[in-house]
Amino acid sequence: MEACKGLLLLMVVLVLTVMQGRESEGQLAENFYSSTCPNVELIVKQAVSTKLSQTPITIPSTLRLFFHDCFVEGCDASVMIASANGDAEKDFTDNLSLAGDGFDTVIKAKQAVEALCPGVVSCADILALAARDCVVLAGGPAFSVELGRRDGLVSQASQVAGNLPEPNFNLDQLNTMFAKHNLSQTDVVALSGAHTVGFSHCGRFSDRLSNFSSNSPVDPSLDPGYAKQLIGACPINADPVINLDPETPATFDNAYYRNLVAGKGLLSSDQVLFSDSASQPTVIDFANNPGNFNGAFITAMRKLGRVGVKTGDQGEIRTDCTTFNS
């Protein structure tokens with residue numbers, strides 16, 4: 001009898017644990033602001049469009065900002081916080097290269113939203129919407145964004161180390177890091193497709209162009225013609241930026257994967273997706289079928305947007321995205 005009671009109690013605990021997990025995830029909803037700020041998506045899209053008309057860097061910088069935010073402390077706009085002491089997330093070495101235009105996009109969108117719906121919409125949700133809008137405005141697929149995130153109360157540079165993918169990561173390292181956020185290998189390959197827009201500093205891949213190994217000064221996985229082009233574009237003692245996608249750098253499409261097949265992945269962590277036999281079939285599929293890439297990217301973006309979210313009475317709704325309310 002006691003054994004049965006113990007088993008029943010264990011089952012109840014397990015059921016409650018599962019229900020709590022679902023409840024937390026279920027607090028995000030596409031229509032979260034339907035009664036409190038029904039035009040929020042239109043307001044954000046207009047702000048993003050205005051910013052884009054001022055500078056094309058808006059698209060890659062906002063997308064990258066979203067990825068960096070979600071991978072540290074979850075999707076809670078903690079990367080937006082500015083610290084007078086220089087010890088916030090954005091101050092960590094890997095985040096210093098985040099373009100200011102991404103931050104400005106979110107700040108301007110937040111100001112526009114606050115003018116009509118004060119104290120209602122989180123910076124975290126505005127960043128998620130802005131990232132989606134950037135994909136669409138660059139010619140990528142449209143998709144719905146789940147909303148209801150709250151803004152985090154912690155932003156520390158010390159929390160960033162080891163939580164962002166490095167340009168020299170191999171597939172196992174990428175999979176391990178993404179798996180921490182419930183993202184699969186297919187998600188890794190799909191989200192890497194965001195490198196169809198944007199750029200990178202030469203310093204992030206210069207080791208592929210000289211002294212690569214004792215057998216080959218240049219990374220042999222690089223197309224020789226492309227390698228020669230990069231060597232010419234990256235002079236010694238200089239660190240200019242190079243397009244991640246040499247074919248259609250301003251368009252969100254599947255050219256990134258065709259580039260990988262052709263040996264034109266700029267970062268080692270890009271090219272390894274084709275070089276490694278475990279992920280190569282997915283790269284080839286996305287290179288040949290843009291619809292498959294778009295579908296996988298949408299799935300991965302929605303999963304990414306759920307990482308570490310604060311909901312309910314967690315966190316806060318910041319008035320200013322760059323500072324905590326108190």
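The values are calculated or read from the model by the stated rules, or taken from the named source; none is laboratory data. The shown structure was predicted, so the numbers you read here are calculated from the model rather than taken from an experiment. Using ideal geometry, Cβ is built from the backbone for each residue, glycine included, and neighbour counts are taken over all protein chains shown. For the accessible areas, the whole protein counts, side chains as well, though only heavy atoms, and no ligand, DNA or RNA atoms are used. Shrake-Rupley method; radii C 1.70, N 1.55, O 1.52, S 1.80 Å.
A Cβ-based charge dipole, computed about the Cα centre of the chain with Lys and Arg at +1 and Asp and Glu at -1, lands at about 340 debye. Take every Cα pair under 8 Å whose residues are at least 6 apart in sequence, average their separation, divide by the length of region 39-167, and the relative contact order is 37 percent. Per residue, the convex hull spanned by the Cα atoms of region 240-282 measures out at 71 cubic angstrom.
Full extension of the chain segment joining Q314 with N85 gains 79.9 nm, where the gain is 0.36 nm per residue of separation less the Cα-Cα distance.
Measuring with a 1.4 angstrom probe and ignoring ligands and nucleic acids, I284 comes out at about 70 Å² accessible. If you sort the three axes of the alpha carbon gyration tensor as a ≥ b ≥ c, you get a/c of 1.5 or more for region 205-283 and a/b no higher than b/c, which makes it oblate. Over region 194-326, the ratio between the Cα radius of gyration and 2.2 N^0.38 Å evaluates to 1.33.
Near D253: Cβ cut-off under 14 Å, other residues only, Lys/Arg at +1 and Asp/Glu at -1. The net charge is -1.
A straight chain from D94 to F324 at 0.36 nm per residue would run longer than the Cα-Cα distance by 80.6 nm. Residues whose amide H comes within less than 5 Å of that of F199, counting only those at least five positions distant or on another chain, are L244 (H built at 1.01 Å from N in the peptide plane). Across all C-alpha atoms in the chain, the radius of gyration and Dmax reach 21.2, 79 Å. Between D207 and Q173, the modelled label-to-label distance comes to 0.7 nm, taking each label 7 Å out from Cα in the direction of the beta carbon. Per residue, the average separation of C-alpha pairs within less than 8 Å and at least 6 apart gives the chain a relative contact order of 24 percent.
Cross-link pairs exceeding 31 Å in C-alpha to C-alpha distance, out of K108/K310; K108/K264; K51/K90, comprise K108/K264. Within the shell of other residues whose beta carbon sits under 15 angstrom from the beta carbon of I317, the net charge comes to -2, with Lys and Arg scored +1 and Asp and Glu -1. Ordered by solvent-accessible area of protein heavy atoms (1.4 Å probe), largest first, the residues I231, I298 come out as I231, I298. Screening the chain for whole DSSP H helices with an alpha carbon extent of at least 24 angstrom along the helix axis and a mean Kyte-Doolittle hydropathy of at least -0.5 yields 2-26, 100-116.
Counting only aspartates and glutamates at least 8 places from K228 when in the same chain, those with an alpha carbon closer than 20 Å to its own are D207, D219, D239, D245, E247, D270. Using equal-weight Cα scatterers in the Debye expression, the normalised intensity of region 48-138 in log10 at q = 0.16, 0.19, 0.21 Å⁻¹ is -0.60, -0.84, -1.01.
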